[in-house]
Every structure is written in C-alpha cells, then in structure tokens.
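Heads up, the thing below is written out as structure tokens.
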Amino acid sequence: MHPFNHTEDKISTFFLIGIPGMEHVHIWISIPICLIYIIATVGNSTILLIKTEPSLHEPMYYFLSMLAFSDLCLSFSSLPTMLRIFLLNAPGISVDACIAQEFFIHTFTAMESSVLVIMSFDRFIAIRNPLRYNSILTNVRVIQIGLFFAISSFAFIIPFPITLKRLRFCKGNYLSHSYCLHQDVMRLACSDNRVNIIYGFFVALLGMMNLVLILFSYIMILKTVLGIASNQERLKAFNTCISHICAVLIFYVPVVTLAIVHRFAKHGSPLIRILIADVYVLVPPLMNPIVYCVKTRQIREKVLGKLCLKKAG
C-alpha cells in the first residue's frame with residue numbers, strides 16, 4: 001500500500017515533506033541547511049560561553065543567554081527530521097516521535113517569545129531608570145524571572161502532547177512540513193479533536209499577547225526617549241534597542257506570516273507555507289547571534305578577543 005493513502009486503520013507512522021517537486025535536489029538543499037545549523041549552533045554556543053566572562057554579568061546579557069539557549073534548543077528540536085528528509089531522504093517518523101518533536105518545538109518557541117518580552121521591558125527599565133537598573137534587576141531577580149517564564153512555557157505546552165496522545169489518527173499520514181507541529185498533526189485525527197483546537201487557539205492568543213506586550217513596552221520607551229532633551233542622548237537610547245527590535249522582527253515576521261497564510265491562503269501554493277515554516281525554525285537561531293555580535297560592542301569585542309587569542313596561540 002502506498003504510504004500516503006488514506007486508511008481507516010490506526011496510523012503509526014507519519015510522513016514529513018521537504019520541498020515538493022524538488023525531491024531530486026534535496027541532497028543539494030541539505031548543504032545550506034547543514035551550514036545554517038552549524039552556524040546557528042556555533043553562534044549561540046559562543047554567546048553562552050562568552051556570557052561566562054565576569055564583565056558580562058549584567059541583566060541584559062543574562063537575558064541574551066536565555067535567548068541563545070532557546071534558539072539552540074529550537075535548532076536541535078527541528079534538526080533530526082530536517083536532515084533526515086533532505087540528507088537521507090527518510091521522511092518517515094513514528095507518531096510518538098512526532099508528538100515529542102512538536103512538544104519541544106512549541107516549548108522553545110514559547111520560551112523565545114517570553115524572553116523577547118522580558119528583554120523589551122529590560123530595555124525600558126534601562127532607558128527609564130538607568131541609575132537604578134542594576135538595583136531593580138538584580139542577579140537573583142533575573143534568575144527568578146527566567147525560571148518563571150521557562151516553567152510557564154513548559155506548563156502551557158505540556159497539554160499539547162497529552163491531548164494528541166488520546167487521539168486516533170486515520171485521516172492520512174502525510175504532514176505539511178519538514179517537522180511536526182501541533183496544528184498539523186491534530187488535523188489528521190479521526191476522533192474528536194475539539195479540545196486540541198480550542199487549546200491551540202488559546203496558546204496562539206498568548207503568543208499574540210506577548211507581541212502586544214512588546215509593542216506596549218516600545219510605546220513606553222518611545223514616550224521616555226521623546227522626553228529626553230538632547231538629540232544625541234535620544235539616539236544613544238534608541239541604539240540600545242536596535243538589536244532587540246531586529247530579534248523581534250526575525251522571530252515574529254515568519255510566525256505572523258505563516259498564520260496569515262494558513263488562515264487566508266488555504267488554497268494557495270503549499271510551497272509558500274513550507275518555505276515560511278522552514279524559515280520559522282531556521283532563521284531566528286541563525287540570525288540572532290549574528291545581530292547581537294554585530295550590534296553589541298561588548299560581545300563583539302569578547303568574540304574577537306577570543307579569536308585573536310586562539311590565532312596567537
């Protein structure tokens with residue numbers, strides 16, 4: 001029986017896809033994908049290692065480390081199936097493995113979204129109360145905030161695999177992306193999946209609420225900066241936010257675009273959805289360390305210093 005045929009039997013294996021119509025060049029596509037994963041892993045690991053420097057023991061760098069950690073874990077969550085499809089031409093994945101993957105992808109996506117919210121308010125405090133910045137965001141408080149949002153991300157996503165496990169899948173075994181997503185898996189259920197739909201919508205609303213909080217924090221930042229008399233000081237204050245704004249755009253543009261395409265372009269080319277979904281897991285972990293290394297002088301100097309020491313050695 002063809003693996004993609006619909007059947008009323010209970011399905012035990014799903015089949016993911018690469019890029020439809022380009023299966024013959026998947027091996028070549030795997031080369032840039034491998035490079036992206038390598039650069040993302042090296043970049044985010046470098047930020048985590050550089051963070052051990054005593055001079056970077058400040059709240060902003062702790063939050064940046066959280067962002068690097070979530071990016072690193074997001075890369076590792078999507079890595080197995082992406083490479084199996086493009087490098088080994090092996091699209092099959094068991095139901096349990098698929099459910100586990102979607103849990104990790106959604107958890108670390110939620111964690112990254114939460115960290116971006118924290119970082120936006122971190123920038124607001126740094127601009128609004130620069131003299132009290134370190135006293136407001138003490139190391140203990142930063143760790144508490146980080147743990148709270150990490151546990152919250154885990155708690156909000158854990159119902160996904162639990163509710164998926166109770167479903168019976170028999171509407172086909174052909175998924176829409178190169179990795180497993182909750183909304184993609186639940187549509188194949190032939191048992192009642194209303195709980196999954198309602199809870200998935202609730203989690204999506206929470207994600208959009210994070211974006212609203214980021215926008216709110218930047219409205220407050222803008223209001224504060226406009227109250228600064230010196231144009232040079234205004235520019236300096238805005239410059240401290242550029243890296244974070246880039247990170248927000250890199251993360252949310254693919255997320256929002258994918259949601260719009262799924263909602264309003266259901267009958268459009270599936271290739272667009274697939275490419276946006278791949279960008280969603282590949283680009284943020286790749287670009288965030290690059291943006292912060294380029295725009296943050298302290299990190300750039302530490303990275304260049306380490307490289308120069310290695311060359312000298």
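Per the 1.4 Å probe, what fraction of the accessible area of the chain, in percent, lies on carbon and sulfur atoms?
Here it works out to 71 percent.
Tell me, what is the FRET efficiency for Asn129 and Ser12 to the nearest 0.05, using R0 = 45 angstrom and their Cβ-Cβ distance as r?
That gives a FRET efficiency of 0.20.
Rounded to the nearest 10 degrees, what's the angle between the helix 95-128 long axis and the longest principal axis of the chain, both from Cα atoms, 0 to 90?
Approximately 20 degrees, to the nearest ten.
Could you do me a favour and compute the accessible area per residue for the chain, 1.4 Å probe, result in Å²?
52 Å²
Compute the longest continuous run of the chain that contains no exposed trypsin sites (Lys or Arg not before Pro); treat a site as exposed when its DSSP state is not H, G, I, E or B and it has at most 16 other Cβ atoms within 10 Å.
11-165
Compute the length gained on full extension between Ala97 and Leu205: take 0.36 nm times their separation in residues and subtract their Cα-Cα distance, giving the result in nm to one decimal.
Full extension from Ala97 to Leu205 adds 36.2 nm.
On alpha carbon coordinates alone, what is the Rg over Rh value for the range 59-145, Rh being the Kirkwood radius?
Answer for the range 59-145: 1.19.
Pairwise over distinct Cα atoms, reciprocal of the mean inverse distance: report the Kirkwood radius of the chain in Å, one decimal place.
Every distinct Cα pair counted, the radius reaches 21.2 Å.
Among all lysine pairs in the chain that are eight or more places apart or on different chains, how many have alpha carbons less than 20 angstrom apart?
The number of close lysine pairs in the chain is 12.
Taking the Cβ-Cβ separation of Ile151 and Leu226 as r and a Förster radius of 35 Å, what is the calculated FRET efficiency to the nearest 0.05?
The pair Ile151/Leu226 has a calculated efficiency of 0.40.
For helix 194-226, what angle does its Cα long axis make with the longest principal axis of the chain, in degrees from 0 to 90 and rounded to 10?
The helix 194-226 is inclined about 20 degrees to the chain.
Using just the helices of the chain, give the 222 nm mean residue ellipticity in deg cm²/dmol: DSSP H runs with n ≥ 4 each add -39,500 (n - 2.57), and the total is spread over all residues, rounded to 500.
It comes out at -25000 deg cm²/dmol, rounded to the nearest 500.
Charges only on Cβ, +1 for Lys and Arg, -1 for Asp and Glu: so what's the dipole of the chain about the Cα centre, in debye to the nearest 20?
The dipole of the chain has a size of about 700 debye.
Taking N as the number of residues in the range 102-225, what is its alpha-carbon radius of gyration divided by 2.2 N^0.38 Å?
Dividing the Cα Rg of the range 102-225 by 2.2 N^0.38 Å gives 1.35.
The values are calculated or read from the model by the stated rules, or taken from the named source; none is laboratory data. Since the model is a prediction, treat every value here as computed from it, not as a measurement. Backbone-built Cβ (ideal geometry, glycine too); neighbour counts: all protein chains shown. Only protein heavy atoms, including side chains, enter the accessible area calculation; ligands, DNA and RNA are left aside. Shrake-Rupley method; radii C 1.70, N 1.55, O 1.52, S 1.80 Å.
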